[in-house]
Every structure is written in structure tokens, then in C-alpha cells.
């Protein structure tokens, strides 16, 4: 890895960076108004209510997750940009590989499993209602409760920044990343509660964690932009 | 996020400090204030639930061991004191004393874990698990998240100890930042102790 010569355009990195904001905007549109996964519907719904939920939102769920299947790959582009910056740190490439691996594994329960569960539920609306309820539980439990890979990813990112002498990312981003570990950990009780602050739609398990995730993504987008800008000016020397 | 990267970079070598400089580094203050804000939201949510179910919360609170809570409070207070003295000893150039004080601080932290483990073990043995009611749901969740902070804090104390043996000379800002984190762990416990054990 060598430092970018000053004045280089870095079109490749800027192209990847510009995927960042539209990808997360699209992600928000898919998960909030279209598929209704966020904010999550109540875990206390009885089977008839779950069937009613899928009946009411079948079309938007299919459109939303259909778009997701096309767009999901762009998530790898933005993660790739961050992983590339981690490789430029003095922390060592192992952090880069670990970061990518945790996200690659985490994307399955944290995003895809939920999408396929909801798509399966809407695919045959005349299916046994209990099977539809099973899809509902599996989709939302994996979406909110898949915390291990992401907690590890945030920790890896934070440690890489702490160990980095090149100052590719500012130290405060590491601390913001550690908050995410805390919010992931408090999502662990979603497997127990069907109501209250620790349920999958709870104030602590979902709302607080999601608000902080929004802050984290905004910080990551800003910091990635600054990192590429500094690289363009030839300020950062690679390790 | 208002902190600018330039302001967050700790001073190189930690020597060129101005009289107005914060102890530690700005990034650690961002973390501490943010973490306390996260806990602040937890506490507000706890108070809302407590307001709805005051009878259940008060009855459940009686099952907690006030002695365990008090011992843990004293352990963390003592630990914080040891760590503060260690930073002062390091600043005075007495690294051996600084290291010894870190060991005492870590010992108190480890004792906290043992007391907490014993408390959980006794409660679970008495059938007072996380599913018992909303009070115990909060109790286990909050003390669990705090316990995670204590475990991370013991690692931080390990970093402090390693820093005091650093051949190139220790960095004062790093020792201070680590101590700030440990004090936050202490402060959070004091609030938890008041909320869960003492509030009537």
C-alpha cells in the first residue's frame, strides 16, 4: 500500500464514497416505509394479526425486498471502502480481513434472512397461518437480534483506529464505534421478551440502538470523506 | 458530532500541554459523555416503568442484597482512588508506585466482578430471574451492561500498566484517558446503586 501522490484524482475511491449516502438512503426507504421492518411491528401480535400484517403490506414487502436483492451488493462497496482505509492503517491487515468477514457473515442474519422470511410469508398468503407467524418471528428475531457479528465488527474497527499511527480516521470515531458495541449487547434480551423496552420493538433494544446507528453511519460517511480528501492532498502516509 | 479530528488528536508525546487542556484526550470525553447519555436514556426509561409499577418495583427491590451493593460501591470507589493516585504517581515520575496502585485498582475491579457474580447466583437460585418481572428485567440488563464496562475497564487498566513499562516513556494523556474511563465506570455504578438498590 503506498500513499496517493498529491493531486491524484482518486476517482475509484470517490466513486465508492458516493455509493455510501444513496445506499443508506435506499436502505432506509426499503426497511421503513416499504417493508415495515423498521420500526418493527410488535412481537406480541397474535397469529391472526401477523397474517393481517402480511396481507396489508404484501405488495410493498415484495417491492422493497425485491429492490434490496438488486441493491444489496452496493453494501459491499461501502464496506470495501472502509476496509481499504483500515488496510492503510498501521494496525495491520488482519483487522481489515476480520472487519470484512464479520460484515459478510453478519449480513446474512442481519439483513438477508429477514428479507427472505418476509418474502416467503408473502409468497403464499394461503399458507398455514402458524407458518406465516413463524416467518414473522424468524425475520424480526434475526433482524434485531443478530448482534454478535456486528458487535465484533464495531470492536475491530475501534481497536484498528486506536492502534493506527497514520490517523486515517479520527480517534473519536473509535469511541463512537464502541457505543455501538454497547447498543448491540442490550439487544440480546429480544429473544426473551414480547413487550417492554427489551422486546424487538423496545425503546432500548430497538429505538436507542437505531438512533445511535444513525449517528454512527453519519460519522462514518463524514470521516470516510475526510480520509479520501486527506489522501488526495497526499497528507497521509501509508503503513 | 462536533469534535473536529484535529482537536481530538492527543498531543504528540503528551508533553506540550497547555494550562487549558482537558485531561486525557478529547476523544475519550466524547465517548464518556456519549456513554453517559446512553445510560441516561436507560435511566429515564427505567423511571417511566417504575412510575407505572411502583409496588412491584419496591417489592422486588427488597430481594436485592443491600450489603452486596454497598460493598461493590466501596470497591469501585477505592479502585477509582487507586487509579487516580496512580496517575498522580506517574506524573511525579514514580512509575513503580504507579504500577503498584494500578494492581490494587484492578484487584478491586476483579473483586467487584466476584461480588456481582455471587449476587446473581443467589438471585437466580432463589428463582428471581430476568423473566420474573420488569424490575428484574432492568436489574439484569443494566448490571449486565455495566459489568461489560467493568470487564473493558480491566483491559484498560492493563493498557495503563503496559504504558507504564513503555520503553519510550509513558504518555500522560493516555494514562489520563484510561483513568477517566475507569472513573466513568465507577460513576455509572453509583447511579445504578442508587436507582436499583436505594430508591424508595
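The values are calculated or read from the model by the stated rules, or taken from the named source; none is laboratory data. None of the values given here were measured: they were computed from a predicted structure. Note that each Cβ is placed from the backbone with ideal geometry, even for glycine, and that neighbours are counted across all protein chains shown.
Below, the figures for the structure above:
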quantity	calculated
Flag if residue A:181 is surrounded by fewer than 21 Cβ atoms within 10 Å (Cβ to Cβ) and facing chain B (nearest Cβ under 10 Å)	yes
Residues located in segment B:97-136, provided they are within 23 Å of the chain's Cα centre (by Cα), outside any helix (DSSP H, G or I) and surrounded by fewer than 18 Cβ atoms within 10 Å (Cβ to Cβ)	none
Segments classed as helices (runs of 4 or more DSSP H), wholly inside segment A:1-102, with at least 1 members that are more than 23 Å from the chain's Cα centre (by Cα), buried (at least 18 other Cβ atoms within 10 Å of the Cβ) and modelled with pLDDT of 95 or more	A:47-71
Residue match in segment B:112-119 (condition: under 21 Å from residue B:58 (Cβ atoms) and at pLDDT 95 or above)	yes
Which numbered condition residue B:6 misses (of (1) farther than 25 Å from residue B:160 by Cβ; (2) more than 9 Å from chain A (Cβ to nearest Cβ); (3) at pLDDT below 95)	(2)
Test: residue in segment A:163-173 that is farther than 17 Å from residue B:38 by Cα, in contact (Cβ under 8 Å) with a residue 60 or more places away in the chain, assigned to a helix (DSSP H, G or I) and more than 9 Å from chain B (Cβ to nearest Cβ)	yes
Filter result for residue A:144 (crowded, with 21+ Cβ neighbours inside 10 Å, at the interface with chain B (Cβ under 8 Å from one of its Cβ atoms) and part of a helix (DSSP H, G or I))	no
Lone unmet requirement of (1) at pLDDT below 95; (2) within 13 Å of the chain's Cα centre (by Cα) for residue B:193	(1)
Residue count, segment B:46-67 (criterion: crowded, with 18+ Cβ neighbours inside 10 Å and part of a helix (DSSP H, G or I))	6
Residue check for residue A:204: at the interface with chain B (Cβ under 8 Å from one of its Cβ atoms), touching a helix residue (DSSP H, G or I) at 6+ places or on another chain (Cβ under 7 Å) and assigned to a helix (DSSP H, G or I)	yes
Per-region count, segment A:113-144, residues without any contact (Cβ under 8 Å) to a residue 12 or more places away in the chain and either touching a helix residue (DSSP H, G or I) at 6+ places or on another chain (Cβ under 7 Å) or over 21 Å from residue A:201 (Cα atoms) (or both)	6
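Conditions (1) modelled with pLDDT under 80; (2) over 21 Å from residue A:182 (Cα atoms); (3) at the interface with chain A (Cβ under 10 Å from one of its Cβ atoms), marked per residue:
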position	(1), (2), (3)
B:15	yes, yes, no
B:18	yes, yes, no
B:28	no, no, yes
B:38	no, no, yes
B:46	no, no, yes
B:56	no, yes, no
